[in-house]
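Input: a single structure, listed below in structure tokens.
Derivation of every value follows stated rules applied to the coordinates shown; laboratory data play no part. Everything numeric in this text was worked out from a predicted model, so none of it was measured. For neighbour counting, all protein chains shown are included, and Cβ atoms are generated from backbone atoms with ideal geometry for every residue, glycine included.
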Amino acid sequence: MSNTDFLLAIEDLSVSFDGFKAIDTLNLYLDRGELRVVIGPNGAGKTTLLDLICGRTAPTHGSIKFKNQEMTVLPEFKIVRAGIGRKFQTPSIYENLSVFKNLEVSFPRGRGVFGALAFRCTPDVRERIEQVAEEIGLAALLMSEAGLLSHGQKQWLEIGMLLMQDPELLMLDEPIAGMSVREREITAELLTKICRDRSMIVIEHDMEFVQRIAHKVTVLHQGKILAEGQMDAVQNDPRVIDVYLGH
């Protein structure tokens, strides 16, 4: 495959903070419809990688191409508009608004002050909200206040808020942290379902969860890729056991 066929092509990517290389000449290629899980010890550069892709951090060197368009030159909001959505570790939902309103304000036309003022919840928006609520398992709770949801439901709502923007690449940082066993199972099903229409990069520590969802696993260590491939191969890689799984 040539590099132009990938949804996301990262090449020779490096970023240094005060002389420390957080990401070191990294190459990573993501297919359309692929669910990639990034694992590795703390300080391996996992969150920094997402920061670079979404434009929160500027690289010192290298290229990030999304649908063949160079992203490193774009501001964060343009990267979102290009089709990249990101969820952080702590859910950032509007606790005092209903589930419905949380999804409504995330619709692209409703963003920004002028957008929100001129925004009307037209039938197409309502339909999209109901569709997303169904997808994230919150259809019965549309009128509930978001602050009353369980921890897992808040995480799903935030994923829903990203889905409202219909991104082609969704990035999730430790989506199951703090979830109950049942919520983790539901989340695994949710991510597998969502990935039919888009690509995903998920950072996760829970190996059982990774096994359930990953199409392919990338192991980061000291800002470099230590291993990459199917979960079984990666899990049995002596280097990975040594720096990560053995602890």
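Full extension of the segment from LEU142 to CYS121, taken as 0.36 nm per residue of separation minus the current Cα-Cα distance, would add 6.1 nm. For the residue pairs LYS87/LYS224; LYS46/LYS154; LYS65/LYS101; LYS193/LYS224, alpha carbon separations beyond 32 Å are given by LYS65/LYS101. Between ASP232 and ASP166, the distance separating the two model label sites (each 7 Å from Cα on the Cα→Cβ line) works out to 3.9 nm. Ordered by the count of other Cβ atoms within 10 Å of each Cβ, fewest first, ILE203, ILE241, ILE39 give ILE241, ILE203, ILE39. Only DSSP H runs of four or more residues enter the estimate; each adds -39500 (n - 2.57), and after division by the residues of the chain the mean residue ellipticity at 222 nm equals -9500 deg cm²/dmol.
Residue separation of THR90 and THR192 scaled by 0.36 nm, minus their Cα-Cα distance, works out to 34.6 nm of gained length. Subtracting the Cα-Cα distance of SER150 and GLU11 from their residue separation scaled by 0.36 nm leaves 46.1 nm. As a rough footprinting exposure proxy, the listed residues GLU208, GLU11 were ranked by other beta carbons within 10 Å of their own, and the order from fewest upward is GLU208, GLU11.
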